[in-house]
Amino acid sequence: MHSLDGSRGEGGGQILRSALSLALVTGQPFRIHSIRAGRPKPGLKRQHLAAVLAAQRVGSARVSGAVLGSSELVFEPGAIQTGLHRFAVGSAGSASLVLQTILPALWSANAPSTVEIEGGTHNPLAPPADFVRDVFLPVLARMGPRVELEIVRYGFFPAGGGLLRATITPAPLRPIELTERGERTLHRARCLVANLPPVVAARELAIVRREFGWGPGQLEEARVPGPGPGNVLSIELGFEHVRELVSAFGERDRASEFVAKEACAAARTYLEHEAPVGEHLADQLVLPFALAGSGRFRALPLSLHATTNIELVREWLGGRIDVASDERNATVSFG
Amino acid sequence: MDSKRPTVVLGFLGVKLDDSRRDAKRWDHWRPSVDLCRHDDLVVQRFELLADSKHNSLARQVAADIATVSPETTVELRALDLVDPWDFEEVFGALLDFARAYPFAPEREDYLVHMTTGTHVAQICLFLLVEAGYIPARLVQVGPPARMNSSALGTYSVIDLDLSRYDKLAARFRRERDEHAHSLKSGIATRNTAFNALIERIERVALDSDAPVLLMGPTGAGKSQLARRVYELRHERRALAGPFVEVNCATLRGETAMSALFGHKKGAFTGAASDRPGLLRSADGGVLFLDEIGELGLDEQAMLLRALEEGRFLPVGADSEATSRFQLIAGTNRDLRAAVREGRFRDDLLARIDLWTFRLPGLAQRVEDIEPNLDYELQQWERRRGQRVSFSREARERFLAFATSPQARWPGNFRDFNAALTRLATLAHGGRIDTALVDEEIERLREAWGEAQRDSSVDALEELLGPAGVAALDRFDRVQLADVVSVCRAARSLSEAGRELFAASRARKSSSNDADRLRKYLARFGLEFERVRSGSTPR
């Protein structure tokens, strides 16, 4: 049984979610201790519990310690259940994080599945569902597995109430290299608003126009229904071999200007670099690249999330993962 | 937090706080009931939302919003219709009915009563019901986020009314109890375990209760001082407004006893030149300490019982009853049960005052406490006289050796001890007590006790076994034998003494021949029943 120290590296919920994914894909049990040790309120939080319970259902797992505040958890997976899964995670959790936890098991399974997750789809503390759909899944599709992700309803913080539907067609993973962006093919800004006056979107998009000089064709305003108010400004940058999507969240009493400038600054950072893989995508690619057995990607400097993830995956799967870093790039080679 | 049992919240719908707006903007406002279900370290399994039927649409909206933020939560709407939610009687009654009918299962579910919503009256009622145990729950308070109107999460805190669960408070209470116990012991650091346990018990009981207290113990064991300390502590805590009134019942004899205790009207009898309130009346709101209560006459006992039970009594010569509420502390050095059997004490009065009975040991049973008391008495002397007195080291050792030896019986207990030290301190030259003074005092005490113990059972042993014989006995055997001898002397026959001594075994039918058992016991010391009874010296 794998024994993991939950306080290692980034020390938050990431290591737990990665371990759940690994356990489901490999069928190997693990025990994790010191979960979120050293944090103000240590132990399992509600959003982590949501991921554990979803993984338990997908993997018919035997679980102990799955209670709020628990600092230790044992997870022993059984047979992967394909078909239809429905989960509800509430607004404190993030539907996309739960989806990412169970995806590897389902794309490696022997039959297709559909997963519906209700709850928060756009939560400032996690990559939004659009990112998974527009950035991560296209790379995954090049490796084999096809996942169609539909944002049926938007669920903004704090009301939640969103719905994601993912249709997964499994396929063996084939190794790829993702080291260059290629030519730029697309750039656009999209402002999502729910239950807010139109002026919010107009102001945010005006700033993007001023920052980048983009025309009206690149500036899109989308009014979406939902139980509560919500606002996300996303900037999408498309290249031959990769796409990036950065987002900033509107909040009550937060000036639209700040929201727009935050998104623009993130987009500018990506544009100033050459590596194709951005910070969040790097996190998400470690596991599929490692499972493919070989391959390579070049990323912007790695976050602590990503390096923690690399260490865990390396230990668990036993293969080689080499990281070559300089100030502007990190090349991660597998196998 | 115990997260093993699912959490169930009981709370009022906040007709103001939960109802900021009805459109999407409500999510920009802090709404306590919804907020409580959003925390990432608390999952509310079920929310029992108490609401008036007229607020049904709001209640349904709150329930729906809780469902989106927290799919784990089931909201149960409980109709609680109140004519006036600010009417204490109505709200309390309605909540009491709710609590009585609710199928609480605290072994399976962890209950939290939400205190932030509802009228202040409702909050008070919920608090009272939790405090009284009608609702087996802890309280939960929620607070708004730092910026009141924002979608940020507020705070919540769980309050357990079981104060012993809070380390700092528990430590504080323990410290207070220790201070009280210290005070009850007049600040003397006593070491005798039995005595310290007794004081601890008195601290628990006597300080919190108005019930009568019975202090048993030999004369001079400190009953009166203890009664006064109990009063002082209660007075300090403002539990008592009235005074401490003390009387020795042995001094209340004859016709004046009634009027001394219960008062009289002017002209009630010859010599009643003016109204007299009496001791009971004077003790109103305070403590009445009746020492040697066994000496009280039967008429006075009857009146006292009525005063205790009803708070009323009839002063001598009065037409109407007087009232007084006081705490009774009774002292006795006699076995009141025996007095009841002999018809000298009312059994109903005994039953009334026997609720809390504390037996104070004599000084000879507390030899460990003699040294701390010695220091205490010297301090008291210094405080009274403004003059320091101390023992030379050798003198102190010699005095303590005697004072703690089996020969020192201290029949008058602290009275004797205090007198001995007063004499030593008075005679001390230049505040120094030397060995000569101590030797003189020991001699004086021996003589005084020799006189006093002519009839005592220890003396009887000397009589039967000779001084050498007694000295050869272990203390263990000496005490036992002394008691056996005193029973034998009071008995008419060997069988009667045997029945008395082995009464408990007899009741269990585990001893068939008491007389034989006693005969064999006495034979171990070379004694026979007849000789023990007559008290003749050994041949």
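Among the helices (runs of 4 or more DSSP H) confined to segment B:462-524, the ones with at least 1 residues that are of a type outside the set (Lys, Arg) and surrounded by fewer than 15 Cβ atoms within 10 Å (Cβ to Cβ) are located at B:475-490, B:503-507, B:514-523. Report whether or not B:Ala59 is within 14 Å of chain A (Cβ to nearest Cβ), closer than 26 Å to A:Gly155 by Cα and of a type outside the set (Phe, Trp, Tyr). No.
A count restricted to segment B:44-102 and to residues that are assigned to a helix (DSSP H, G or I), in contact (Cβ under 8 Å) with a residue 12 or more places away in the chain, within 14 Å of B:Thr119 (Cβ to Cβ) and under 47 Å from the mean Cα position of the chain (by Cα) stands at 5.
In segment B:404-420, the residues that are over 23 Å from B:Ser224 (Cα atoms) form Cβ pairs under 7 Å with partners that are open to solvent by less than 10 Å² (accessible area, probe 1.4 Å) and β-branched (Val, Ile, Thr), at six or more places apart or across chains, as follows: B:Thr404/B:Ile370. Among all residue pairs at least 6 apart or on different chains, which show Cβ distances below 9 Å where the first residue, located in segment A:43-55, is facing another protein chain (nearest Cβ under 9 Å) and at positive phi and the second is open to solvent by 10 Å² or more (accessible area, probe 1.4 Å) and not aliphatic (A, V, I, L, M)? Taking only residues 6 or more apart or on different chains, the pairs are A:Gly43/A:Arg36; A:Gly43/A:Gly69; A:Gly43/A:Ser70; A:Gly43/A:Ser71; A:Gly43/A:Glu72; A:Gly43/B:Ser3; A:Gly43/B:Asp41. Among the numbered criteria (1) within 14 Å of another protein chain (Cβ to nearest Cβ); (2) modelled with pLDDT under 90; (3) loosely packed, with under 14 Cβ neighbours inside 10 Å, which single criterion is violated by B:Ala197? In the conditions (1) within 14 Å of another protein chain (Cβ to nearest Cβ); (2) modelled with pLDDT under 90; (3) loosely packed, with under 14 Cβ neighbours inside 10 Å, B:Ala197 misses (1) alone.
This table checks each residue for (1) within 11 Å of another protein chain (Cβ to nearest Cβ); (2) over 26 Å from A:Leu44 (Cα atoms).
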position	(1), (2)
B:Trp30	yes, no
B:Ser33	no, no
B:Asp52	no, yes
B:Phe92	no, yes
B:Arg108	no, no
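Taken together, the residues in segment B:294-322 that are without any contact (Cβ under 8 Å) to a residue 24 or more places away in the chain and either within 18 Å of B:Pro212 (Cα to Cα) or part of a helix (DSSP H, G or I) (or both) amount to 4.
Somewhere in segment B:124-135, is a residue in contact with an Asp or Glu (Cβ under 8 Å, 6 or more places away or on another chain), open to solvent by 20 Å² or more (accessible area, probe 1.4 Å), away from chain A (no Cβ under 14 Å) and of a type outside the set (S, T, N, Q)?
Step one: list which residues in segment B:124-135 are in contact with an Asp or Glu (Cβ under 8 Å, 6 or more places away or on another chain), which gives none.
No, because not a single residue in segment B:124-135 is in contact with an Asp or Glu (Cβ under 8 Å, 6 or more places away or on another chain), open to solvent by 20 Å² or more (accessible area, probe 1.4 Å), away from chain A (no Cβ under 14 Å) and of a type outside the set (S, T, N, Q).
Checking each residue in segment A:238-257 for being farther than 12 Å from A:Pro124 by Cα and in contact with a Gly (Cβ under 9 Å, 6 or more places away or on another chain) picks out A:Phe239, A:Glu240, A:His241, A:Val242, A:Glu244, A:Leu245, A:Ser256. Whether any residue in segment B:151-165 is in contact with an Asp or Glu (Cβ under 9 Å, 6 or more places away or on another chain) and in a helix (DSSP H, G or I) is what I want to check. No, segment B:151-165 contains no residue that is in contact with an Asp or Glu (Cβ under 9 Å, 6 or more places away or on another chain) and in a helix (DSSP H, G or I).
Among the residues of segment B:156-168, some residue qualifies, meaning at least one is over 36 Å from the mean Cα position of the chain (by Cα) and in the same structural domain as B:Ser53 (by TED's automatic domain parsing). Determine, yes or no, whether A:Glu180 is modelled with pLDDT of 95 or more and within 14 Å of chain B (Cβ to nearest Cβ). Answer is no for this residue. Among the residues of segment A:56-94, those that are in contact with a Ser or Thr (Cβ under 6 Å, 6 or more places away or on another chain) and within 11 Å of another protein chain (Cβ to nearest Cβ) comprise A:Val67, A:Leu68, A:Gly69, A:Gly90.
Within the span defined as segment B:262-285, every residue fails to be touching an Asp or Glu at 6+ places or on another chain (Cβ under 6 Å), closer than 30 Å to B:Lys185 by Cα and either not in a helix (DSSP H, G or I) or not assigned by TED's automatic domain parsing to the domain that holds B:Gly220 (or both). Anything in segment A:17-45 that is closer than 15 Å to B:Asp40 by Cα and open to solvent by 10 Å² or more (accessible area, probe 1.4 Å)? List them, or say none. Within segment A:17-45, A:Arg36, A:Arg39, A:Pro40, A:Lys41, A:Pro42, A:Lys45 meet the criteria. When A:Arg209 is tested against (1) free of Cβ contacts under 8 Å to residues at least 24 places away in the same chain; (2) among the basic types (Lys, Arg); (3) surrounded by fewer than 14 Cβ atoms within 10 Å (Cβ to Cβ), exactly one condition is not met: (3). Just for segment A:115-136: of the residues that are within 12 Å of chain B (Cβ to nearest Cβ) and more than 22 Å from A:Val58 (Cα to Cα), which one is surrounded by the most Cβ atoms within 10 Å (Cβ to Cβ)? Result: A:Asn123. Considering (1) in contact with a His (Cβ under 7 Å, 6 or more places away or on another chain); (2) open to solvent by 30 Å² or more (accessible area, probe 1.4 Å); (3) more than 30 Å from A:Gly119 (Cα to Cα), the lone condition that A:Arg314 does not fulfil carries the number (1). I'd like the full set of residues that are buried (at least 20 other Cβ atoms within 10 Å of the Cβ) and among the aliphatic types (A, V, I, L, M), limited to segment B:18-39. Result: B:Val34, B:Leu36.
Looking only at residues in segment A:137-150 that are assigned to a strand (DSSP E or B) and either at pLDDT below 95 or surrounded by fewer than 18 Cβ atoms within 10 Å (Cβ to Cβ) (or both), the one that is farthest from the other protein chains (Cβ to nearest Cβ) is A:Arg146. The numbered conditions (1) open to solvent by 10 Å² or more (accessible area, probe 1.4 Å); (2) modelled with pLDDT under 95; (3) within 14 Å of chain B (Cβ to nearest Cβ) are all true for A:Gln14 except (3). Scanning segment B:222-244 for residues that are surrounded by fewer than 19 Cβ atoms within 10 Å (Cβ to Cβ) and either in a loop (DSSP other than H, G, I, E, B) or among the β-branched types (Val, Ile, Thr) (or both) turns up B:Arg237, B:Arg238, B:Ala239, B:Ala241, B:Gly242, B:Pro243. Please work out which residue is modelled with the highest pLDDT, limiting yourself to segment A:95-112 and to residues that are open to solvent by less than 10 Å² (accessible area, probe 1.4 Å) and of a type in the set (Gly, Ala, Ser). If we take residues in segment A:95-112 being open to solvent by less than 10 Å² (accessible area, probe 1.4 Å) and of a type in the set (Gly, Ala, Ser), then A:Ala105 is modelled with the highest pLDDT.
The values are calculated or read from the model by the stated rules, or taken from the named source; none is laboratory data. As the structure is a computational prediction, the values presented were derived from the model and not from experiment. Cβ sites come from the backbone with ideal geometry, for glycine too, and all protein chains shown count toward neighbours. Remember, those area values only see protein heavy atoms, side chains included, never the ligands or the DNA or RNA. Shrake-Rupley method; radii C 1.70, N 1.55, O 1.52, S 1.80 Å.
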